[in-house]
Amino acid sequence: MLKNPGAAPRERGAAAVEFALIAPLLVLLVLGSIEFGWFFFTQANVANAAREGAREMAISNNVSTARTTSVNAAQPTPVKMSNVAILPSSCSPGTNAKVTITVVYDALTGMFGKNFTATGTGVMRCGG
């Protein structure tokens, strides 16, 4: 006796074969969405940290304080002090303080590359 009376005997297992053909595409789509979301989060986080560092440099005119502020604002993204570039080293009124943060981070899935680079730049007028 057939379980599905409307199906022909030769169509048994057709759903399993169709699923086997579609499943890799679905997995690729889900992993791609996760990877893109993580990259987007990291990029926004790094850009925000650069803006916070530029603001601190424009207000305090202290490179080490601005660098520390940038690193702290980037959490949970692992930014090191050496990843933060601040120009100029002294901020006089009317000039711009520019902070650039570059982070190379490992991909979550590894399906679309081993690592990615996120760069954020913040610019603020000094003495503002």
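Of all residues in the range 86-128, which are basic (K, R) and closer than 12 Å to A54 by Cα?
Taking the range 86-128 as the starting set, the residues that turn out to be basic (K, R) are 98, 114, 125.
Selection gives K98, R125.
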Criterion first (of a type in the set (F, W, Y), over 12 Å from T42 (Cβ atoms) and either crowded, with 20+ Cβ neighbours inside 10 Å or under 24 Å from the mean Cα position of the chain (by Cα) (or both)) does F116 satisfy it? no
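Which residue, of V123, V104, V99, V79, is under 19 Å from F39 (Cβ atoms) and either in contact (Cβ under 8 Å) with a residue 24 or more places away in the chain or assigned to a loop (DSSP other than H, G, I, E, B) (or both)?
Details: V123 fails: under 19 Å from F39 (Cβ atoms); V104 fails: either in contact (Cβ under 8 Å) with a residue 24 or more places away in the chain or assigned to a loop (DSSP other than H, G, I, E, B) (or both); V99 fails: under 19 Å from F39 (Cβ atoms).
Within the list V123, V104, V99, V79, the selection yields V79.
Could you identify the single residue in T100, T69 that is under 17 Å from the mean Cα position of the chain (by Cα) and modelled with pLDDT of 95 or more?
Working: T69 fails: under 17 Å from the mean Cα position of the chain (by Cα).
Checking each option against the conditions leaves just T100.
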So, of the residues in the range 42-66 that are assigned to a helix (DSSP H, G or I) and free of Cβ contacts under 8 Å to residues at least 24 places away in the same chain, which turns out to be surrounded by the fewest Cβ atoms within 10 Å (Cβ to Cβ)? S64
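Test of understanding: among M111, M81, which residue is surrounded by fewer than 19 Cβ atoms within 10 Å (Cβ to Cβ) and under 18 Å from the mean Cα position of the chain (by Cα)?
Answer to the selection: M111.
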Is there a residue being farther than 30 Å from R125 by Cβ and touching a helix residue (DSSP H, G or I) at 6+ places or on another chain (Cβ under 8 Å) anywhere in the range 85-104? no
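The values are calculated or read from the model by the stated rules, or taken from the named source; none is laboratory data. In this text the structure is predicted, and so the values were computed from the model without any measurement. Neighbour counts run over all protein chains shown; Cβ positions are idealised from the backbone, glycine included.
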